Amino acid sequence: MRFCRLFFVAILAVILIGCSTENQTTKPLGDLSGLSYDPVEAEKEIRDNLMEFFKRIREGDKTVMYEQEFDYYHNNWTLDDYYGFAQVFEYVYDTLKGIDIDSVRLFEDSARVYIKIIYESDLGGETRMPYAPTIYRSGTRWHKPSMSNTKEEWEFREIYRDYEVPDEETE
C-alpha cells in the first residue's frame, strides 16, 4: 500500500514538472535564424541602454526611469504623476558609484542582464551588489521598467492592434 502511494506521488510530481515547463513563454535562444533582431547588436543596445540609465540616475535624472516604462504606462500616467510615486520620489541614488555588466542572456522577447552595482560605503570604500534585471523588448526598443509590467503592456497592444486601420492600397 505504501509503495502504491509513493509511486502515485512520484508520477504526479513528474506530470506537474512536465506541465510547468511546457507553458513557458520566454525561451533561451537556440536557433538564432528566426529572430527579428541581431543578437550581437541587441546585446550592444542593452549594454548602452543600461549604462546610460545608471549614468543618468547617478546624476539625479529620474526622468530616465519614466522613459524606460512601457507605452501603456505613458498613456495612463504623466511624468508629474510618476515623480509623485513614493518609489520614485524617495529613490536614493547618491551613493551609486557605477556598474559592471558581467553578461547578457538573450531570450526571444527579453534578456536577463547580470550586473554588479558599485556603491560608495559610508567608510570610504565600495560595496558591490549583484543585480539581475530583466530587460524587455517592445517593438525596436529595450525597456527596463520600474513600475510598469509586461502583462498590461501586452493587453494594451492587443487593444491597440484591434483598433488599427489596415493600410489601403492606393491605385
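Observations on the structure shown:
- Taking a point 7 Å from the Cα of TYR37 along the Cα-to-Cβ direction, the residues of segment 61-91 with backbone N closer than 17 Å to it are 67-72.
- Inter-part distance where segment 123-162 and segment 57-119 are each reduced to a Cα centre, Å: 8 Å
- Each of PHE54, TYR72, GLY125 was placed along the dipole of segment 37-146 (beta-carbon charges, centred on the mean Cα), and the one lying farthest toward the positive end is GLY125.
- With both labels modelled 7 Å from their Cα along Cα-to-Cβ, the ILE118 to TYR163 distance reads 4.7 nm.
- Calculated on C-alpha atoms, the gyration radius of segment 37-146 divided by its Kirkwood radius gives an Rg/Rh of 0.98.
Here, each number is a calculation from the coordinates, and none is a lab measurement. It should be emphasised that the depicted structure is a prediction, and the values quoted were computed from it without experimental measurement. Backbone-built Cβ (ideal geometry, glycine too); neighbour counts: all protein chains shown.
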